[in-house]
Amino acid sequence: MSSWRYRIDLNSDLGEGFGPFRVGADDELFPLISSANVACGFHGGDPLMMARTVARAAEHGVAVGAHPGFPDRGGFGRRTLLATPEEIHADVVYQVGALMAFCAAAGVTAPLPMQHVKAHGALYNLAVKDRAVADAIARAVADVDRSLLFFALPGSELERAGEAAGLTVVREAFADRAYHDDGSLVARSQPGAVIHDPEVAAARMVRLIETGTLSTIEGGTLHLHADTICLHSDTPTAVPIARALRAALDAAGIAVRPLAAPDAA
């Protein structure tokens, strides 16, 4: 019988550098996470970076997911671009298909050849409220491989679009981001939007898993269910947060596992 009280997936956005440029502390984060959202060459990453990140994930037993975004390296995919649903659909198909090819080339098989898809940055945030954008992303994932898990913010249009497309939706919480009372993320341009304190971030996530609640930036209490927790690799304190989070989860009897992995005995 398992000694763990709960289990959670811990994901991070990795492989976002390109050429000689590096973004985030991938080497330090790989041993601490269970799923990697791999940049697919649009907001970050390039073919060699994708290949190397998939290989590193396999070495660490970390599940691989595609992290498609707007074609906006200069803005790191965090600027909203004017794009039609047809263009967004094609862009997501392109990026997901590219990463699937690298997974196949690397012989990634466990726990799945490729586990999930999670939109990046402005594309994700736009799809949270814009159903046409959300539908375009969800249809693209379903058109490529309906077995792929679909990451979404709980209560969002992205979640509803994934369900409508027949995808298995994985509800996501953010360790390093503040929330509003309505469940939306506080915009990065606002004070207090990014949580930098490792102990604060870790305590918030343990509370979320154990009670299904979080404190909001307005001082309220948000009720939220999460299957996976995200930590942005470009947050300056990402590694200390990841270490504090793993220690807090272990102490609370919460196992960190990829979503597709069976419970350990």
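The values are calculated or read from the model by the stated rules, or taken from the named source; none is laboratory data. Predicted, not measured: the structure shown is a model, and the values here were computed from it. When we count neighbours, we look across all protein chains shown, and the Cβ atoms used for this are built from the backbone with ideal geometry, even at glycine.
Per this entry, residue 119 is not counted among residues that are crowded, with 21+ Cβ neighbours inside 10 Å and either more than 28 Å from residue 55 (Cα to Cα) or of a type in the set (D, E, K, R) (or both). Among the residues making up region 122-171, those that are farther than 27 Å from residue 208 by Cα and buried (at least 22 other Cβ atoms within 10 Å of the Cβ) are 133, 136, 137, 140, 141.
Does region 189-196 contain at least one residue that is surrounded by 15 or more Cβ atoms within 10 Å (Cβ to Cβ) and not aliphatic (A, V, I, L, M)? No - not one qualifying residue is present in region 189-196. Selection of helices (runs of 4 or more DSSP H) fully inside region 3-107 by the criterion of at least 2 residues being modelled with pLDDT of 95 or more and not acidic (Asp, Glu) returns 47-60, 85-106.
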